[in-house]
1. For the range 59-83, what are the residues that are polar (S, T, N, Q) and part of a helix (DSSP H, G or I)?
2. How many residues are more than 15 Å from the chain's Cα centre (by Cα), touching a residue at least 12 places away in the same chain (Cβ under 8 Å) and not in a loop (DSSP other than H, G, I, E, B) when one looks only at the range 26-53?
3. Name, by its number, the condition in (1) closer than 29 Å to THR61 by Cα; (2) part of a helix (DSSP H, G or I); (3) at pLDDT below 95 that does not hold for GLU14.
4. In the range 58-70, what residues are within 16 Å of GLN44 (Cα to Cα) and either at pLDDT below 95 or surrounded by 13 or more Cβ atoms within 10 Å (Cβ to Cβ) (or both)?
5. Being touching a Leu at 6+ places or on another chain (Cβ under 7 Å) and of a type in the set (A, V, I, L, M) is the requirement here; does ILE60 meet it?
6. Taking the options HIS86, HIS56, name whichever one is part of a helix (DSSP H, G or I) and either on the phi < 0 side of the Ramachandran plot or not hydroxyl-bearing (Ser, Thr, Tyr) (or both).
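The values are calculated or read from the model by the stated rules, or taken from the named source; none is laboratory data. Just so we're clear, the structure is a prediction, and the values are computed from it rather than from any experiment. Every residue, glycine among them, receives a Cβ derived from its backbone with ideal geometry; neighbour counts consider all protein chains shown.
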Amino acid sequence: MFVFQLTETLSLLEHEKRLRDELKDLTDTRNARLEELKTLNDEQLKLCHILSEQPHHVDITAVPSVRLLQQIKEHILSLECEKVRHADR
C-alpha cells in the first residue's frame, strides 16, 4: 500500500498529482475486489442451490479484504468437492 509522505522538494501541484494517483489506485483496487466478490458470491449461491445448502452471508456492498476473498474461495472449493461427492454416489 502506498504511504504518502510530504517532502519539501515537491511542489503543491506535485503533491496533488501524487494524491490523485493514489486515489485512482485505491479506487481501482476497490472496484476489482467488489467485482471479484460479486462473482464469487454468485458462484457460491449457485453451488448452494444445487446442494440445497445455506450460503454464507456476504455483504456485497462492503469492500472485502484479501483474507475474506480467500475464505470465500476456500468455501466455494469445499462446495465444489461436495458437489463431486454427490455426483459420484
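1. If the condition is that a residue be polar (S, T, N, Q) and part of a helix (DSSP H, G or I), then GLN70, GLN71, SER78 are the ones that fit.
2. The number of residues fulfilling the criteria is 4.
3. With respect to (1) closer than 29 Å to THR61 by Cα; (2) part of a helix (DSSP H, G or I); (3) at pLDDT below 95, GLU14 is out only on (1).
4. Answer for the range 58-70, where residues must be within 16 Å of GLN44 (Cα to Cα) and either at pLDDT below 95 or surrounded by 13 or more Cβ atoms within 10 Å (Cβ to Cβ) (or both): VAL58, ASP59, ILE60, PRO64, LEU68, LEU69.
5. Spelling it out, ILE60 is indeed touching a Leu at 6+ places or on another chain (Cβ under 7 Å) and of a type in the set (A, V, I, L, M).
6. Matching residue, one of HIS86, HIS56: HIS86.
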